Structures are given as C-alpha cells and as structure tokens.
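S.K.: Here it is: the structure, laid out below.
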Amino acid sequence: MKKYKIAVVGGGPTGIIAAISAGKILGSALKEIILIEKTSLGEKLLLTGGGRANITNSKPIKEQLLKFSKHKNFLKHSFHGFTNEDLLDIFENKGLEFKEEWNGKYFPVDGKASSVLKILKEYLDELKIHVRLNSCVELITKKNDEFHIKIKDENTVTSSKVVLATGGKTYPKTGSTGHGYKIAENFKHEISPIKPGLVPFKIKDKELQKLSGMTLEDVEVSFGNDENKVRGSLLISHFGLSGPAILDLSNFYTSNTTILMDLIPNINETELNKRIMDDLGSKGKMLLKNYLKFYLKNRFIDYFLKTTAIDGDKKLSNLSKKDRIKITNNLKQFIINIDGVLHEVAMITCGGVKTNEINPKTMESKLVPGLFFAGELLEPAGLTGGYNLQMAFSTGFLAGKSAAKSFQTEHSLK
Ligand SMILES: Cc1cc2nc3c(=O)[nH]c(=O)nc-3n(C[C@H](O)[C@H](O)[C@H](O)COP(=O)(O)OP(=O)(O)OC[C@H]3O[C@@H](n4cnc5c(N)ncnc54)[C@H](O)[C@@H]3O)c2cc1C
C-alpha cells in the first residue's frame, strides 16, 4: 500500500492550493502528495462571480479581515502569509491578468473562472501531485502516527499528514455536502452551528414582487441593530430580495422576520426633516408622488406610498405633521417582511469547525497532531467581494505549507 507524505482531502480552491504549497516545499520528484476529490476539481470555483471568479479584493488586509467579524484575529496569520497580491502573482506568473472592478473586486481579464482553474491544474501537474478524482473519503483514522483514509469502494490510503479541505454544505451538486464535518467530529473536533450564508431572502409580498428586476443602488439594511448594518445595492427579484447588501446581511440572519431599509443613507434624519420642512414652503404646490422623485426611483414610489398609506396626489402643503413623520420614518426605516432564506442558492456556509481548536499560525488541529484544516469547512464566513476565495486560498496555502514543514521537521530528526 502506497504511503503518502501528505493527503489533501477536497479539490476546491482550498485543497488545490494546499497541495501546491506543500508540493513547492517537498519538491516534485515523486508522487508523494495526494489530492483526493469526490467529484472533479474546482466545481464550485467555476460558479464563482457568475462564472467570472471574483477571486480577491484590493482592500488592505486589515479591511479584508473586518469582513470576517469575530474571526478576524484567527485569519490574520494566513492572510498576511499569503496576501491578495501573492494570490494574483501565482496566476500572473503564468500569463493570466486580472482587472479591478467596482469596490476593489478582482476578476480575470478574460472573465473566465475556468482560466483560474486551468492554471491551478497546471501547477498540480508540474508538481506531480497525485490527483484522484471521483473518490469520496468516508472516514479518516489515525494509528501510530499514520492517517488511514478510507475511500468509498476503494482501498485505504495512508499518509503522514492530512489537510482537510472539504468545504461547506451549499450547492451539494458541486460536491460540498458537509461530509467533512463528520470526519472532523470523529476526531472530537467541535462544529459550531452551520447555516446558509450570502443567501437571498424570500418575501411573500406580491406588490413588492411586482417590482422584480429593480435595483436600489444605495440602501442600508439591517435587522434593527446597529452592529450589523450593511450598505450597498439591493435587487428585487420574483422570489424576494438579493444583491450585495442583502447577501451580506444574510450572514447575520438568525430567525428574523423583518428587514429595516434606509432608502436614503446619504441623508441623515435631522437633515431630511429640515429639507422636508423647507420644501413644504418652497414646493408647496408639488404633489407628493412627484416630490418623492427627489428620493426614490419612479417605480418604487407607488409601492412606497401604498405601504405608507398616504395619498400621493396630496399637495406638499396639505401634508399633516403625522404624514410628514410617516414619510420620514419610512424613507429612513422602511420595513420589509421576509419569509426565510432561499437555502438552495446560498453561496457559503456560516459556521463549521471551531477555530479555537486550531492553531491559526499553522492551521494544525490542537487535538490531533498532523491534521490540518482550511477553507470553508472552518467557522469563518466572509462578506461578498472576493473575501471568501481569498480565505480559501490563504488558509489552504498555510495549511499545505505547515503540513509539509512539519513532515520535513519530523523526518530530519529521525
Ligand atoms: C454560486 C457561488 C458563487 C460564488 N462566488 C464567489 C466569488 O465570486 N468570490 C468569492 O470569494 N467567493 C465566492 N463563492 C464562495 C466560494 O466558492 C467558496 O468560498 C470556496 O469555493 C470555498 O472553497 P473550498 O475549497 O473551501 O470549498 P469547495 O469549493 O466547496 O471545495 C470543497 C471540495 O471538497 C470536496 N469534498 C467534499 N467532501 C469530500 C469527501 N468526503 N471526499 C473527497 N472530497 C470531498 C468537494 O467535492 C469539493 O470539490 C461563491 C460560491 C457560490 C456557490
């Protein structure tokens, strides 16, 4: 039975980069590193950024880390050890250029996630990584400093070190079925509750659904607490709400039933009140429905007025104090009732293998020496903007490198 130095389980971006970083340290003389993948390599990677792969973000590392809320400290080492620039370099060295788009998002110039995957595969070939596809790892055990990796319907593979990079539990067709959590639990690792992240919300309101296709470019959404306010664009679709602001907000979703939306985050409440009071005099003859065009998109105005229960044909000068308060409140805190999330299109999984049981400087388990974790399988979940792929690559790179170094250290001592 062949014994590998390192076995990487999971052939998404995390597992692939882990195999590459380990291969760069251990050399490419023999097939001593195995990458075991349940389906085929990078199935989910091919879907990213609408098939264009928003691979990372130009923001400084400190800001990138803030996108992971309470897990920012855990990710500090991996993000500094393999930065957004390091990531782009490995592709640019092979001729794939990237361009920066709105909000610092990086995409390959040719607009193809497949170009990213192609280059990763080239590295795997060059480093003679043994890639085993259509192989589902069912169980991993450790006996006498050796890991035994049971592959479904096949022989067991053994290795000195294991990197577990099996992803989360979204888009199961791509292979991410949550199997890695069970493998981790077998090693007594604790899994924090998992839930869908970066996911649209369902709504029942038929009137709002009629606005399907409309984008509100700049809104601030929250569940009513100041901590997790998100600002950005929102898309109304036939099933509900999506767009970057909504997807980001969904990472903080518990079982909330309403979203509060500030429709004009550029103008604070005091300023808005003052403006409206001034306009009552100077624009008194204007109909409310026309006046609202200063603040809202035309198509949204009817819905706004229905929800606010004020006649849009009223002249500004005829508005009562109660009307004014209602209008201001609804512009700044518009309430949308939601009906849960659309699980099947969640982009990421929030929660996972708990970070307090993993050494952030190496990604090695604190419970099982020689076992390394990386990528979406872990607890941290980032916001939209390329941060999740950066996390996959940074943690994967560190896990692969640490596994290889740990192997070298042990064998230089023997
Ligand atoms: C539609 C969509 C769009 C996205 N767009 C972006 C984007 O533009 N930018 C961004 O930063 N992030 C994006 N993401 C998130 C990003 O895809 C993930 O963060 C990233 O793929 C996580 O990488 P991973 O390698 O950890 O997990 P995965 O990519 O899920 O890979 C895990 C791999 O492990 C394999 N596996 C699982 N169990 C086993 C087993 N038992 N044995 C063997 N193999 C196993 C799976 O088959 C899979 O190939 C998007 C996600 C989706 C779904």
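The values are calculated or read from the model by the stated rules, or taken from the named source; none is laboratory data. All values reported here derive from a predicted model rather than from experimental measurement. Quick reminder, even Gly has a Cβ in these numbers, built from the backbone with ideal geometry, and neighbours come from all protein chains shown.
S.K.: Which of the residues that make up the stretch 265-319 are of a type in the set (S, T, N, Q), touching a residue at least 24 places away in the same chain (Cβ under 8 Å), within 24 Å of Ser233 (Cα to Cα) and surrounded by fewer than 15 Cβ atoms within 10 Å (Cβ to Cβ)?
M.R.: Asn266
S.K.: Quick check on this structure: which one of Lys112, Lys121 is basic (Lys, Arg) and under 18 Å from Gly11 (Cα atoms)?
M.R.: Among Lys112, Lys121, only Lys121 is basic (Lys, Arg) and under 18 Å from Gly11 (Cα atoms).
S.K.: Search the stretch 320-348 for residues being surrounded by fewer than 19 Cβ atoms within 10 Å (Cβ to Cβ) and assigned to a loop (DSSP other than H, G, I, E, B), and hand back the single one that is nearest to the ligand (Cβ to nearest atom).
M.R.: Ranking the qualifying residues of the stretch 320-348, first place goes to Leu342.
S.K.: Search the stretch 48-68 for residues being in a helix (DSSP H, G or I) and out of contact with any Phe, Trp or Tyr (no Cβ under 7 Å at 6 or more places or on another chain), and hand back the single one that is farthest from the ligand (Cβ to nearest atom).
M.R.: In this case the residue turns out to be Lys62.
S.K.: Confirm whether Phe372 is in contact (Cβ under 8 Å) with a residue 12 or more places away in the chain, of a type outside the set (Asp, Glu) and within 11 Å of the ligand (Cβ to nearest atom).
M.R.: So Phe372 does not fit the description; no.
Rundown of residues vs (1) hydroxyl-bearing (Ser, Thr, Tyr); (2) over 21 Å from the mean Cα position of the chain (by Cα), yes/no style:
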residue	(1), (2)
Lys2	no, yes
Ser21	yes, yes
Glu32	no, yes
Leu45	no, no
Lys62	no, no
Lys67	no, no
His80	no, no
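S.K.: Being within 17 Å of Ala19 (Cβ to Cβ) and of a type in the set (A, V, I, L, M) is the filter here, so list the residues in the stretch 360-388 that pass it.
M.R.: Within the stretch 360-388, Met363, Leu371, Ala374, Leu377 meet the criteria.
S.K.: Name the single residue that is nearest to the chain's Cα centre (by Cα) among those in the stretch 238-268 being modelled with pLDDT of 95 or more and of a type in the set (Gly, Ala, Ser).
M.R.: The extreme case among them is Ser250.
S.K.: Quick check on Leu41: is it within 15 Å of the ligand (Cβ to nearest atom) and either surrounded by fewer than 22 Cβ atoms within 10 Å (Cβ to Cβ) or farther than 17 Å from Ser402 by Cβ (or both)?
M.R.: Answer is yes for this residue.
S.K.: Listed residues Asp218, Asp205; which is of a type in the set (Asp, Glu) and either touching an Asp or Glu at 6+ places or on another chain (Cβ under 6 Å) or at pLDDT below 95 (or both)?
M.R.: Of Asp218, Asp205, the one residue that is of a type in the set (Asp, Glu) and either touching an Asp or Glu at 6+ places or on another chain (Cβ under 6 Å) or at pLDDT below 95 (or both) is Asp205.
S.K.: Also: Say we look at the stretch 221-258 and pick out the residues that are out of contact with any helix residue (DSSP H, G or I) (no Cβ under 9 Å at 6 or more places or on another chain) and of a type in the set (Ser, Thr, Tyr); which of these is surrounded by the most Cβ atoms within 10 Å (Cβ to Cβ)?
M.R.: Ser250
S.K.: Mind listing whichever residues of the stretch 350-386 are assigned to a helix (DSSP H, G or I) and of a type in the set (A, V, I, L, M)?
M.R.: Answer for the stretch 350-386, where residues must be assigned to a helix (DSSP H, G or I) and of a type in the set (A, V, I, L, M): just Leu377.
Each row is one residue, and each column tells you yes or no for (1) touching a Ser or Thr at 6+ places or on another chain (Cβ under 8 Å); (2) outside the structural domain of Thr254 (by TED's automatic domain parsing); (3) over 19 Å from Leu208 (Cβ atoms).
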position: Leu287; (1), (2), (3): no, no, yes
position: Tyr295; (1), (2), (3): no, no, no
position: Ile301; (1), (2), (3): no, no, no
position: Thr308; (1), (2), (3): no, no, no
position: Ser317; (1), (2), (3): no, no, yes
position: Ile325; (1), (2), (3): no, no, yes
position: Asn356; (1), (2), (3): no, yes, yes
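S.K.: Moving on to the next point. Which residues, counting only those in the stretch 182-198, are more than 9 Å from the ligand (Cβ to nearest atom), buried (at least 21 other Cβ atoms within 10 Å of the Cβ) and within 21 Å of Glu146 (Cα to Cα)?
M.R.: Correct list: Ala184, His189.
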